[in-house]
Amino acid sequence: MNIRFYFQEINKSGQEELEKHLGGKKLDRLTRLLQHGNLALAKFVLNAKYHKHHNIFAVRLGLEVARKNFEAEELSQNLIEAFDLAFDRLINQLRKLESLKHK
């Protein structure tokens, strides 16, 4: 799986914390769901941005697998919380697709 990170207005420690957070159980959870598709060709993109004016983090996740695109975006005052909410939304989209395949 190809993973790309894009950060805007986020300090180095926040970037490292988010990369570490994804690298643990979150990535395992994603790869388990993608075992049926072609995991080697999957593309995962994480965009994280801090909006100073509103004091809020915006996290946008994108996943392309088997010519299907999934996207999720969340806002929160905590970077990890925004990521977790967006990641859960992305996982739910994948599960819906899997349930439709098995019907």
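The values are calculated or read from the model by the stated rules, or taken from the named source; none is laboratory data. All figures in this text were calculated on a predicted structure; none of them were measured in a lab. Cβ sites come from the backbone with ideal geometry, for glycine too, and all protein chains shown count toward neighbours. Calculation scope for accessible area: heavy atoms of the full protein, side chains included, ligands and nucleic acids excluded. Shrake-Rupley method; radii C 1.70, N 1.55, O 1.52, S 1.80 Å.
Quick grid of which residues meet (1) modelled with pLDDT under 95; (2) among the acidic types (Asp, Glu):
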position	(1), (2)
Asp28	yes, yes
Leu39	yes, no
Lys43	yes, no
Leu61	no, no
Ala66	yes, no
Arg89	no, no
Filtered residues of the stretch 1-43 (kept if over 13 Å from the mean Cα position of the chain (by Cα) and touching a residue at least 60 places away in the same chain (Cβ under 8 Å)): Ile10, Gly14, Glu17, Leu33, Leu34, His36
Residue that is surrounded by the fewest Cβ atoms within 10 Å (Cβ to Cβ) [pool: residues in the stretch 11-62 that are among the basic types (Lys, Arg) and in a strand (DSSP E or B)]: Lys43
Tabulated pairs, the stretch 65-89, first open to solvent by less than 20 Å² (accessible area, probe 1.4 Å) and in a strand (DSSP E or B), second at pLDDT below 95 and among the basic types (Lys, Arg), C-beta under 9 angstrom, 6+ apart or interchain: Val65/Lys43
